[in-house]
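Asks: Below: one structure in structure tokens.
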Amino acid sequence: MLFRRSPEDRRLAALRRAPPGPLRDYLEVPFEDPGTDHRQAHYLAIDLELTGLDPRSDEILSVGMVPIDGRDIVLGGAAHLLISPTGEVGQSASIHRLTDDHLAGGMDLAVAMPLVLQALTGRTLVAHHAPIEVDFLSAACRRLYGRPLVTSTIDTMILQRRILRLRGTDQVQPGQLRLQSARDHFGLPRYRAHEALTDAIAAAELFLAQAAHLGSGAGVPLKSLRS
């Protein structure tokens, strides 16, 4: 049987190899104890808008992020970062509506990533289909700092699949796992999609609804929600 290292073990291993700088500063702070009641834990919901889906060649155009403290979404700590790409936005603008002119005044990725890492420090990353966010942020860390990102992560898409299966749904259809479809399941309001901060808030609201459902109104250990 393969042994899967815990997020904390991976953090410590990454810390030993990280050069001085923003990534090392982030890695120096422990992740929260996996046994923590999810109602007492701290999270950061993140959404990215991108030029495509390949972190080796595509770019981050905007980052939306909002903290969650326990069961509270901290809108005062929310941030929306526009990032000026090295190339053209291309056809992706038809999805996220971010044009080259719009992003011309954006910040450099090297300026944005320290802000993202500072916001994520000591928190669990929450995202809908989290591998996209994690892979792109990790690729950015490799380019800027020479090492990948290590995170403690909760994927609301995975949680929604679990919830549907607990209801006895034998075959989960892909459309049921989309962000808005998952929100519809809990009666959450509809927001305009493909705007990073709005989608981050949408993921945060969905996560709180999912966690309350899985805990039947009581607390559950953080580890039971992690991806």
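The values are calculated or read from the model by the stated rules, or taken from the named source; none is laboratory data. These numbers were taken from a predicted model, which means no experiment stands behind them. Here the Cβ is made from the backbone with ideal geometry for all residues, glycine too, and neighbour counts use every protein chain on show. What goes into the accessible areas is simple: the full protein's heavy atoms, side chains included, and nothing from ligands, DNA or RNA. Shrake-Rupley method; radii C 1.70, N 1.55, O 1.52, S 1.80 Å.
Asks: Just read off the accessible area of V172 with the full protein assembly in place, 1.4 Å probe, to the nearest 10 Å².
Replies: Accessible area of V172: about 40 Å².
Asks: Work out, step by step, the length gained on full extension between E88 and S6: first 0.36 nm times the residue separation, then minus their alpha carbon distance; give nm to one decimal.
Replies: Net length gain for the segment: 25.6 nm.
Asks: Hey, if we sort S84, S92 by accessible area with the 1.4 Å probe, largest down, what's the order?
Replies: The ordering from most to least exposed comes out as S84, S92.
Asks: Each residue of the range 95-106 in order: what ³J(HN,Hα) in whole Hz does its phi give by Karplus 6.51 cos²θ - 1.76 cosθ + 1.60, θ = phi - 60°, with x for Gly and Pro?
Replies: Those phi angles translate into 9, 9, 6, 9, 9, 4, 5, 4, 8, 4, x, x Hz.
Asks: Next up: Counting only protein heavy atoms, what percent of the accessible surface of the chain is carbon or sulfur at a 1.4 Å probe?
Replies: 52
Asks: How far, in nm, would the chain grow between T99 and V29 when pulled straight, counting 0.36 nm per residue and subtracting the alpha carbon separation?
Replies: Numbers: separation 70, 0.36 × 70 = 25.20 nm, distance 3.68 nm.
The span from T99 to V29 would gain 21.5 nm if fully extended.
Asks: Counting other Cβ atoms within 10 Å of each Cβ, which trypsin sites (Lys or Arg not before Pro) in the range 1-109 have at most 14 and sit in a DSSP loop?
Replies: Taking the range 1-109 and a limit of 14 other Cβ atoms within 10 Å, the loop trypsin sites (Lys or Arg not before Pro) found are R4, R5, R56, R71, R97.
Asks: Under 5 Å between amide H atoms, partner at least 5 residues away or on a different chain: which partners does V74 have, H built in plane at 1.01 Å?
Replies: HN-HN under 5 Å from V74: I68, D69.
Asks: Using a 1.4 Å probe on the protein heavy atoms only, what accessible surface does L120 show? Give it in Å² to the nearest 10.
Replies: Its heavy atoms expose roughly 0 Å² to the probe.
Asks: In addition: Of G76, A14, L109, which is farthest along the charge dipole of the range 9-146 in the positive direction, counting Lys and Arg as +1 and Asp and Glu as -1 at C-beta?
Replies: The Cα lying farthest towards the positive end belongs to A14.
Asks: Name the long-range amide H neighbours of L61: under 5 Å, sequence gap of 5 or more, or other chain; modelled H, no Pro or chain starts.
Replies: E49, L50, T51
Asks: Further question on the same structure: From the phi of every residue in the range 12-18, what ³J(HN,Hα) in whole Hz does the Karplus formula 6.51 cos²θ - 1.76 cosθ + 1.60 yield, where θ is phi - 60° and glycine or proline is x?
Replies: These are the phi-based 3J(HN,Hα) values: 5, 5, 5, 4, 5, 9, 6 Hz.
Asks: At most 13 other Cβ atoms within 10 Å plus a DSSP loop assignment makes a site exposed; report the longest stretch of the chain without any exposed GluC sites (Glu not before Pro).
Replies: It runs 89-227.
Asks: Next question, about the same structure. Treat every Asp and Glu Cβ in the range 20-77 as -1 and every Lys and Arg Cβ as +1, leave all other atoms uncharged, and give the resulting dipole magnitude about the Cα centre to the nearest 20 debye.
Replies: For this selection, approximately 60 debye.
Asks: DSSP loop (so not H, G, I, E, B), at most 10 other Cβ within 10 Å: list which trypsin sites (Lys or Arg not before Pro) in the range 137-181 pass both filters.
Replies: Those that pass, being in a loop and sparsely packed, are R167.
Asks: Please give the length that would be gained between V111 and A193 if that part of the chain were fully extended, namely 0.36 nm times their separation in residues minus their C-alpha to C-alpha distance (nm, one decimal).
Replies: Here the answer is 26.9 nm.
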